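K.L.:
My questions all concern the structure below.
Each reported figure results from applying straightforward, stated rules to the coordinates on display, with no laboratory input. Since this is a predicted model, take the numbers as computed values, not measurements. So basically every Cβ, Gly included, is an ideal-geometry build from the backbone, and we count neighbours across all protein chains shown.
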Amino acid sequence: MFVGRVTGVVVSTIKHPVLVGRKELLVEPLDPRTLTPSGAAIIALDFVGAGLGETVLVVDEGNAAALVTGLSNPPIRTMILGVIDEVRMGTAD
């Protein structure tokens with residue numbers, strides 16, 4: 001999992017049936033300590049209704065997609081699973 005910021009929307013008119021009705025967003029990875037950009041942007045499927053400029057929790061692993069969608073082998077790897085309100089370092093509260 002990683003922290004990212006939604007920087008854009010990806011529009012595709014032709015896609016796999018599992019993706020129909022889902023938003024595809026461009027997400028820039030962030031350093032969780034400073035919330036500054038830390039890598040190249042990646043396309044992620046939105047499962048929570050994230051919007052442009054929001055800080056999000058992203059999972060980039062195929063097994064998570066299978067668990068979230070309930071499909072045995074979905075054509076999905078990277079998903080937005082949460083909108084982050086705040087990041088606190090050094091505390092588990």
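K.L.:
Along the stretch 29-35, what does the Karplus equation 6.51 cos²θ - 1.76 cosθ + 1.60 (θ = phi - 60°) give for ³J(HN,Hα), rounded to whole Hz, x for Gly and Pro?
P.N.:
Those phi angles translate into x, 10, 6, x, 7, 10, 6 Hz.
K.L.:
Could you go through the stretch 59-72 in sequence order and give the Karplus-derived ³J(HN,Hα) for each residue, using 6.51 cos²θ - 1.76 cosθ + 1.60 with θ = phi - 60°, rounded to whole Hz, and x for Gly and Pro?
P.N.:
Coupling constants for the stretch 59-72: 10, 10, 7, x, 5, 4, 4, 5, 5, 5, 8, x, 8, 6 Hz.
K.L.:
I've got another one for you. Which percent of Cα-Cα pairs in the chain sits in each 5 Å bin, short to long?
P.N.:
Pairs per bin, as whole percents: 3, 14, 25, 23, 18, 11, 5, 2, 1.
K.L.:
For a quick protection proxy, order the peptides 10-18, 80-88 by their average other-Cβ count within 10 Å, most packed first. Could you put the intermediate results ahead of the total?
P.N.:
Details: 10-18: 8.8, 80-88: 13.0.
Descending packing order for the listed peptides: 80-88, 10-18.
K.L.:
Right, here's the next one. Tally the DSSP beta bridges in the chain and give the antiparallel ones as a percent, rounded to 5. Present the calculation step by step, with values, prior to reporting the outcome.
P.N.:
Working: 20 of 22 bridges.
In the chain, approximately 90 percent of DSSP beta bridges are antiparallel ones.
K.L.:
With charges set only on the Cβ (+1 for Lys and Arg, -1 for Asp and Glu), what does the dipole of the chain come to about its Cα centre, in debye to the nearest 20?
P.N.:
Here the chain has a charge dipole of around 260 debye.
K.L.:
Sort the following peptides by mean Cβ neighbour count (other Cβ atoms within 10 Å, averaged over residues), highest first: 26-38, 44-56. Please report the intermediate quantities before stating the final value.
P.N.:
Working: 26-38: 14.8, 44-56: 16.9.
Descending mean neighbour count gives 44-56, 26-38.
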